[in-house]
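Notes follow the structure.
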Amino acid sequence: MAHIGVSIFPTDYSIQPVELAQEVEARGLDSLFVCEHTHIPASRKSPWPGGGELPKEYWHTHDPFVALAAAAAVTQKIQLGTGICLVVERDPIQLAKEVASLDMISNGRLILGIGAGWNAEEMENHGVEFNKRWKIVREKVLAMREIWTQEEPEFHGEFVDFDPIWSYPKPVQAGGPPLWMGAQSKWAYPRAVEYCDGWMPISFMEGLEEGLGTLRAECEKSGEDFNRFDKAVFAAPPEAAASQGLIDAGFTHLIYPMPSETRDSILPMLDQYAELANKLR
C-alpha cells in the first residue's frame, strides 16, 4: 500500500505548521514534508529549475526543523519530512543534533530528504563551491551517520574533519532517520545506493519509471537490496490515474504539492487529497 502525504513551503503568510499538521493528521494522510532555503540572493543569477520567475515562497519559508518540531508537538502519527534539506549549507555536527533531537521529539517519525540544491549564489554565501557540492553532501551525511551510531564518533575527510566527540541524543530510529536522495541525475543513483535509504525524484522531471530501473540496476551492481529502498515522488500529480500509475510502477510514497496559501485554500485541498488517498489505498 502506498503512503500518501503532502508538501508545502510553510511561510510567514501561509497556513502555519501547527494547524497544518493537525489538519493533515485529522484527515488520515500519512506525511507532511516541508521545503528549505536559508535565503535567496537578490542577484537572482541562478535560474530556477522550474522555469520562469522564482516564486516568493522560496525566500519566505520557515526553517524546516523549527516548522517540523512544531508539527511534531501537536501530532502522533504522521511522518514528518524535509523535501529537501540542503545538507551542503549546514554544519554536519549541528545538523546531526537537530535531526536526532527532532527524531526523538517526534518518536521516530522523521524522514530526511536530502540534496545539494541548485542556487550557486546561495551556496557561496555559505562558503560552498558549487562544483564540489555533492562531494560535500556525501561527507556530511557519512559524518552524521557516525554521530548517530557511535558513542565517540570521529570523521576525517576532505571537507569534514573532527576528532572523537560526544553527541546526544541519538535518533530513535536505529542508525538515524531514513535518508531519501532528492535528485535525478545519472549520478543520483549510485549516491542513493551508497549513503541513502530511499529515492525521491520530483514529478516534473521525466523518466520516473526508467529511474526505478536504473536504481534497481545500481543496487544489483553494488550488491544492495532494491526492496529496502523507499521510492517516493515529490510533488506527485494529484489525479487518480496518474497516481495509480506511479504506484503500479513501484513507487511507495506519493507526496502531493500544496501552495503557500492560507487555510481557506489549503483545507479544501487537503479534503481532496484525503479522498484521493482513500481511493488509492
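The values are calculated or read from the model by the stated rules, or taken from the named source; none is laboratory data. Model, not experiment: these values are computed from the prediction. Reconstructed Cβ throughout: ideal geometry from the backbone, glycine too, with neighbour counts over all protein chains shown.
Things worth noting here:
- In the stretch 46-86, of all residues being of a type in the set (D, E, K, R) and either crowded, with 18+ Cβ neighbours inside 10 Å or under 19 Å from residue 235 (Cβ atoms) (or both), the one that is nearest to the chain's Cα centre (by Cα) corresponds to 57.
- A count restricted to the stretch 78-104 and to residues that are over 18 Å from residue 143 (Cα atoms) and assigned to a strand (DSSP E or B) stands at 6.
- Residue within the stretch 187-201 that is closer than 16 Å to residue 7 by Cβ, surrounded by 14 or more Cβ atoms within 10 Å (Cβ to Cβ) and among the aliphatic types (A, V, I, L, M) present: yes
- Inter-residue pairs, beta-carbon under 8 Å, first assigned to a helix (DSSP H, G or I) and in the stretch 131-148, second among the polar types (S, T, N, Q), 6+ apart: 147/167
- So residue 215, is it touching a residue at least 12 places away in the same chain (Cβ under 8 Å), in contact with a Leu (Cβ under 8 Å, 6 or more places away or on another chain), at negative phi and among the hydrophobic types (A, V, I, L, M, F, W, C): no
- Checking each residue in the stretch 1-52 for being among the small types (Gly, Ala, Ser), closer than 17 Å to residue 84 by Cα and not in a loop (DSSP other than H, G, I, E, B) picks out 5, 7, 31.
- Checked across the stretch 177-191, the condition of being of a type outside the set (Asp, Glu), over 14 Å from residue 116 (Cα atoms) and in contact with a Lys or Arg (Cβ under 9 Å, 6 or more places away or on another chain) holds for at least one residue.
- Only listed residue being of a type in the set (S, T, N, Q), surrounded by fewer than 16 Cβ atoms within 10 Å (Cβ to Cβ), within 30 Å of residue 253 (Cα to Cα) and out of contact with any Asp or Glu (no Cβ under 8 Å at 6 or more places or on another chain), chosen from 125, 119, 107: 107
- Close pairs from the stretch 22-43: first farther than 18 Å from residue 65 by Cα and of a type outside the set (A, V, I, L, M), partner at pLDDT below 95 and crowded, with 16+ Cβ neighbours inside 10 Å, Cβ under 9 Å, at least 6 apart: 30/2
- If you filter the stretch 241-264 down to residues that are free of Cβ contacts under 8 Å to residues at least 24 places away in the same chain and over 19 Å from residue 204 (Cβ atoms), you find that the one that is surrounded by the fewest Cβ atoms within 10 Å (Cβ to Cβ) is 264.
- Evaluated against (1) touching a His at 6+ places or on another chain (Cβ under 8 Å); (2) without any contact (Cβ under 8 Å) to a residue 40 or more places away in the chain, residue 228 falls short on exactly one condition, (1).
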